[in-house]
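The values are calculated or read from the model by the stated rules, or taken from the named source; none is laboratory data. This is a predicted model, so every value here is computed, not measured. With ideal geometry, Cβ positions are generated from the backbone for all residues, glycine too; neighbour counts draw on all protein chains shown.
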Amino acid sequence: MITEEKKKVLALFAEGRRFYKLMEFEKAKQYFAEALAIDPADGPSKVYLERCQHYIENPPDEEWDGVFVMTHK
């Protein structure tokens, strides 16, 4: 069974992903941060929060397809 807390985290993550795909990284980052405030161990939100910060500092081109490409280990 999924707890109400986890449902909230999942909903926040889904909204963050929606804005991420729209290249609205600042807005997406807010949703991932809010999810992490509820569940600091939520791995997917941590990953996407870091990716948002990366894209805020290094914006992708207009043809970006939503795929994150690692450039280093």
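Can you find a residue that is exposed (fewer than 14 other Cβ atoms within 10 Å of the Cβ), touching a helix residue (DSSP H, G or I) at 6+ places or on another chain (Cβ under 6 Å) and in a loop (DSSP other than H, G, I, E, B) anywhere in region 7-24?
Within region 7-24 (the criterion being exposed (fewer than 14 other Cβ atoms within 10 Å of the Cβ), touching a helix residue (DSSP H, G or I) at 6+ places or on another chain (Cβ under 6 Å) and in a loop (DSSP other than H, G, I, E, B)), the answer is no, since none of the residues qualifies.
Here is a yes/no grid of residues against (1) within 9 Å of the chain's Cα centre (by Cα); (2) of a type in the set (Val, Ile, Thr):
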{"position": "MET1", "(1), (2)": "no, no"}
{"position": "ALA41", "(1), (2)": "no, no"}
{"position": "VAL47", "(1), (2)": "yes, yes"}
{"position": "GLU50", "(1), (2)": "yes, no"}
{"position": "ILE56", "(1), (2)": "no, yes"}
{"position": "PRO59", "(1), (2)": "no, no"}
{"position": "GLU63", "(1), (2)": "no, no"}
{"position": "VAL67", "(1), (2)": "no, yes"}
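Could you list all residues from region 1-37 that are more than 13 Å from TYR48 (Cβ to Cβ) and basic (Lys, Arg)?
Scanning region 1-37 gives LYS6, LYS7, LYS8.
For (1) at pLDDT 95 or above; (2) exposed (fewer than 12 other Cβ atoms within 10 Å of the Cβ); (3) outside any loop (DSSP other than H, G, I, E, B), each residue gets a yes or a no:
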position	(1), (2), (3)
MET1	no, yes, no
LYS46	yes, no, yes
LEU49	yes, no, yes
TYR55	no, no, yes
HIS72	no, yes, no
